[in-house]
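Notes follow once the structure below has been shown.
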Amino acid sequence: MHNNLIILAGGMSSRMKKPAVSKNLNIKDAEQANNRSKSLIGVGKDNRPLMDYLLYNAKKAGYKNVYIVINKNGALFKKFYGSKTENNNFKDLNISFPIQTIPENREKPFGTADAVLHTLEQFPKLKLKQFTVCNSDNLYSIKALRLLRKSLNKNALISYDRDHLKFSQNKIYSFAIMNLDNNNYLKDIIEKPTNEEAENYKDKDGKIRVSMNIFKLDGPTIYKHLKNCPVNPKRDEKELPTVVINSIDENPISFLTIPLSEHVPDLTAKDDIQIVKKFIQQNYPENLDW
């Protein structure tokens, strides 16, 4: 069991800045989408951002130390959650801000594995600890966060039942799927499978499982894989799934998958804003009971 959560918020939100398909986006939401990190877009009462609800779920799941990875333009996070680099008290959560720098020859950060590596380099105590890592633009449930916090396996990830994700069919079918053994240990991640291929990778319960980028990682065993993570040739980034696969290559039973059947709201594009607002209205009280 551990109390550490790393939230990846250092990306450039490039897809969010593209024009909306729907004509229902109001001017205020459009302005925030074009100028804020996705997790700081107001989706709740009094324009509270998505990050509030993710932090609320994290606290309810038992986390204490939260590391929000930001880039050089992340000053607004500090206005919401504390002005210091580390040890800000927000609703009794201990909030710190690792910075993911951008190399001189790049216009955007180097990916999710790079973000976690920056965090461990700037907060070295994490190299000796276990921690959960998740995206900032997905609203992971209390249950999902708690399952990873309480997992006894050194490294783990949530394996979501694809049939319970409430996205468009095209989006769902674009997700990478998991190849699991009979004990729910991850064997491989298959990117962009055809429908026929996906049917061949159903788990022992007959479910097609996907990752929504929420992992439990063990600092002592994963650090070297973060440090040595190669660049994905297609996306030109260092990605956490690559770290996971490299760890499995070294130890085939290193990553336990934890099955879960529920939706994971996300803010990828402008058209997601109203969807997430509706989800929060239906599933959270107006005033969060921190």
**OP:** Go through region 215-235 and give me each residue that's more than 26 Å from Tyr140 (Cα to Cα), assigned to a loop (DSSP other than H, G, I, E, B) and charged (D, E, K, R).
**Re:** Lys234
**OP:** Residue by residue through region 117-126, note down the ones that are in a helix (DSSP H, G or I), crowded, with 16+ Cβ neighbours inside 10 Å and either in contact with a Pro (Cβ under 9 Å, 6 or more places away or on another chain) or at pLDDT below 95 (or both).
**Re:** His118, Thr119, Leu120, Gln122
**OP:** Scan region 118-130 and report the pairs whose first residue is in contact (Cβ under 8 Å) with a residue 12 or more places away in the chain and whose second residue is among the aromatic types (Phe, Trp, Tyr), with Cβ atoms within less than 8 Å and a gap of 6+ or a chain change.
**Re:** Thr119/Tyr67; Leu120/Tyr223; Phe123/Tyr67; Leu126/Tyr67; Lys127/Tyr223
Original post:
Which pairs do you get when a residue that is closer than 12 Å to Val264 by Cα, found in region 148-169, comes within reach of a residue that is acidic (Asp, Glu) and at pLDDT 95 or above, reach meaning Cβ atoms under 6 angstrom, with the pair 6+ apart or on two chains?
Top reply: His164/Glu262
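Filter region 253-264 for residues that are touching a strand residue (DSSP E or B) at 6+ places or on another chain (Cβ under 7 Å) and not β-branched (Val, Ile, Thr); which is surrounded by the most Cβ atoms within 10 Å (Cβ to Cβ)? Before you say what the answer is, go through the steps one by one.
Kept after step one, since they are touching a strand residue (DSSP E or B) at 6+ places or on another chain (Cβ under 7 Å), are these residues of region 253-264: 253-261, 264.
Filter again for not β-branched (Val, Ile, Thr), leaving 254-256, 259-261.
Working: Ser254: 21, Phe255: 26, Leu256: 19, Pro259: 16, Leu260: 19, Ser261: 13.
Ranking the candidates gives Phe255 first.
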Original post:
Can you name the condition, by its number, that Val133 falls short on among (1) touching a residue at least 12 places away in the same chain (Cβ under 8 Å); (2) surrounded by fewer than 19 Cβ atoms within 10 Å (Cβ to Cβ)?
Top reply: (2)
Original post:
Within region 24-54, how many residues are in contact with a Phe, Trp or Tyr (Cβ under 8 Å, 6 or more places away or on another chain) and without any contact (Cβ under 8 Å) to a residue 40 or more places away in the chain?
Top reply: 1
**OP:** Only one of these is basic (Lys, Arg) and over 15 Å from Gln281 (Cα atoms): Lys45, Lys38. Name it.
**Re:** Lys38
**OP:** With the checklist (1) within 12 Å of Ile273 (Cα to Cα); (2) surrounded by 13 or more Cβ atoms within 10 Å (Cβ to Cβ); (3) out of contact with any strand residue (DSSP E or B) (no Cβ under 9 Å at 6 or more places or on another chain) in hand, flag the one item Leu40 doesn't pass.
**Re:** (3)
**OP:** Find the helices (runs of 4 or more DSSP H) located wholly in region 1-116 whose residues include 2 or more that are within 30 Å of Leu152 (Cβ to Cβ), and list them.
**Re:** 50-60
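Name the single residue that is surrounded by the fewest Cβ atoms within 10 Å (Cβ to Cβ) among those in region 265-290 being polar (S, T, N, Q) and closer than 19 Å to Asn135 by Cβ. Walk me through how you get there before you give the answer.
Initial filter on region 265-290 (polar (S, T, N, Q)): 268, 274, 281-283, 287.
From what is left, the residues that are closer than 19 Å to Asn135 by Cβ are 268, 283.
Numbers: Thr268: 16, Asn283: 11.
Of everything passing the filter in region 265-290, Asn283 is surrounded by the fewest Cβ atoms within 10 Å (Cβ to Cβ).
The values are calculated or read from the model by the stated rules, or taken from the named source; none is laboratory data. As the structure is a computational prediction, the values presented were derived from the model and not from experiment. So basically every Cβ, Gly included, is an ideal-geometry build from the backbone, and we count neighbours across all protein chains shown.
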